[in-house]
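Shown next, in structure tokens, is the structure this report addresses.
The values are calculated or read from the model by the stated rules, or taken from the named source; none is laboratory data. Predicted, not measured: the structure shown is a model, and the values here were computed from it. Don't worry about glycine lacking a Cβ; one is built from the backbone with ideal geometry, like all the others, and counts go over all protein chains shown. Side chains are part of the model used for accessible areas, which takes the heavy atoms of the whole protein and leaves out ligands, DNA and RNA. Shrake-Rupley method; radii C 1.70, N 1.55, O 1.52, S 1.80 Å.
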Amino acid sequence: MQLLNFVLFQAAWFAGVIGAARGEPLLGTVVVAAVIAWHLSVSARPAVEARLVGAALAVGLVFESLCVQLGQVSFASGQPDPRFAAYWMVALWGLLATSLNVTMRWLKRRWLLAAVLGAVAGPMSYWAGVRLGAARFIDAGAALTTLAVSWALLMPAMVWLATRFD
């Protein structure tokens, strides 16, 4: 199940990002939503897992919209209101939630490791999205620094939420 969770996460992430880069954010978001739906359908406690996904979506909407409003990032598509994050980007937060109690279960109660992983993998994920054309950094250095610091806090928080909803 862990391998399948990992493969589906990666495939849906690429679908979301490439869909946005090609001007078809809805298509990628549908793939992400399908993976989330599949995850909930095979979950031992789907209602609890759905609450985790919902919490992650809320955190993602607030954080990504803040990044937009602070002028750190702009999205290529999928942003009906320029003050808020692109919907495909928020959907990726729900996708992240599907891996927290499965593929990334090993991070539970390892707060420092979660912070380090967040500080490195968070900005790398954004950088990949930028390189694929789904987003643009306004000032790459400032954006990557903001993302590293933010994800050093967000990843342990997401792991904590997953622990509460597990």
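Filtering region 25-41 down to residues that are of a type in the set (Val, Ile, Thr) and touching a residue at least 12 places away in the same chain (Cβ under 8 Å), which residue is nearest to Leu4 (Cα to Cα)?
Step one: of region 25-41, the residues of a type in the set (Val, Ile, Thr) are 29-32, 35-36.
From what's left, touching a residue at least 12 places away in the same chain (Cβ under 8 Å): 29, 31-32, 35-36.
Details: Thr29: 19, Val31: 15, Val32: 15, Val35: 11, Ile36: 13 Å.
By that ranking, first place goes to Val35.
Please identify the pairs in which a residue from region 2-15 that is modelled with pLDDT of 95 or more has its Cβ atom under 8 Å from the Cβ atom of a residue that is open to solvent by 40 Å² or more (accessible area, probe 1.4 Å) and of a type in the set (A, V, I, L, M), counting only partners at least 6 apart or on another chain.
What qualifies is Ala11/Val31; Ala12/Val31; Ala12/Ala34; Ala15/Leu27; Ala15/Val31.
Name the pairs: first residue in region 150-161 and more than 11 Å from Val116 (Cα to Cα) and β-branched (Val, Ile, Thr), second residue part of a helix (DSSP H, G or I) and open to solvent by 20 Å² or more (accessible area, probe 1.4 Å), Cβ to Cβ under 9 Å, at least 6 apart or on different chains?
These pairs meet every condition: Val159/Trp111.
Please find, within region 97-149, the residue that is most open to solvent (accessible area, probe 1.4 Å) out of those that are of a type in the set (A, V, I, L, M), in contact with a helix residue (DSSP H, G or I) (Cβ under 6 Å, 6 or more places away or on another chain) and touching a residue at least 60 places away in the same chain (Cβ under 8 Å).
If we take residues in region 97-149 being of a type in the set (A, V, I, L, M), in contact with a helix residue (DSSP H, G or I) (Cβ under 6 Å, 6 or more places away or on another chain) and touching a residue at least 60 places away in the same chain (Cβ under 8 Å), then Leu132 is most open to solvent (accessible area, probe 1.4 Å).
Would you kindly identify the helices (runs of 4 or more DSSP H) lying entirely within region 50-166 that contain at least 1 residues that are of a type in the set (D, E, K, R) and in contact with a Leu (Cβ under 9 Å, 6 or more places away or on another chain)?
Values: elements: 87-100, 111-132, 140-164.
It comes to 140-164.
For region 42-76, what are the residues that are open to solvent by 70 Å² or more (accessible area, probe 1.4 Å) and without any contact (Cβ under 8 Å) to a residue 24 or more places away in the chain? Can you show your working first?
To start, the set of residues in region 42-76 that are open to solvent by 70 Å² or more (accessible area, probe 1.4 Å) comprises 44-45, 51, 61-62, 66, 69-70.
Hits for region 42-76 are Ala44, Arg45, Val62, Leu66, Gln69.
So is Trp88 modelled with pLDDT of 95 or more, under 13 Å from the mean Cα position of the chain (by Cα), closer than 16 Å to Phe14 by Cβ and aromatic (Phe, Trp, Tyr) or not?
Details: modelled with pLDDT of 95 or more: yes; under 13 Å from the mean Cα position of the chain (by Cα): yes; closer than 16 Å to Phe14 by Cβ: yes; aromatic (Phe, Trp, Tyr): yes.
Yes; evaluated as a whole, the condition is true for this residue.
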